[in-house]
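For reference, the structure discussed in these notes is given below.
The values are calculated or read from the model by the stated rules, or taken from the named source; none is laboratory data. These numbers come from a predicted model, not from an experiment. Don't worry about glycine lacking a Cβ; one is built from the backbone with ideal geometry, like all the others, and counts go over all protein chains shown.
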Amino acid sequence: MDQLITVGTYSDYFTANTMLQVLQESGIQARLLNENSGTMLPSMAVGGIKLQVLQSDEITAREIISRLEAEADEARNTDAF
């Protein structure tokens with residue numbers, strides 16, 4: 001049986017939930033741990049909201065997350081912002 005592996009930790013619900021949805025749409029079973037801890041007061045999300053996947057999906061999930069984060073960084077460095 002696969003263990004759950006944390007592949008990301010986020011301080012806000014929006015980012016965590018966006019990553020969760022992208023992974024799920026890619027066919028990866030994923031879940032959020034502590035998702036309610038930062039919904040009302042993000043500063044109260046002690047330890048952050050953790051994005052977890054099955055160990056067998058870890059590599060693929062990390063690749064997807066890395067790609068999305070790189071695209072977001074690139075978008076922030078354009079004139080669009």
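Overview of values
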| read-out | value |
| --- | --- |
| Yes/no for Thr6 being hydroxyl-bearing (Ser, Thr, Tyr), at pLDDT 85 or above and outside any helix (DSSP H, G or I) | yes |
| The range 1-28, residues that are without any contact (Cβ under 8 Å) to a residue 12 or more places away in the chain and within 8 Å of the chain's Cα centre (by Cα) | Thr15, Thr18 |
| Answer residue from the range 33-75, given it is closer than 20 Å to Leu4 by Cα, surrounded by 15 or more Cβ atoms within 10 Å (Cβ to Cβ) and of a type in the set (Gly, Ala, Ser) and is modelled with the lowest pLDDT among those | Ser37 |
| Ile28 vs. criteria assigned to a loop (DSSP other than H, G, I, E, B) and modelled with pLDDT of 95 or more | yes |
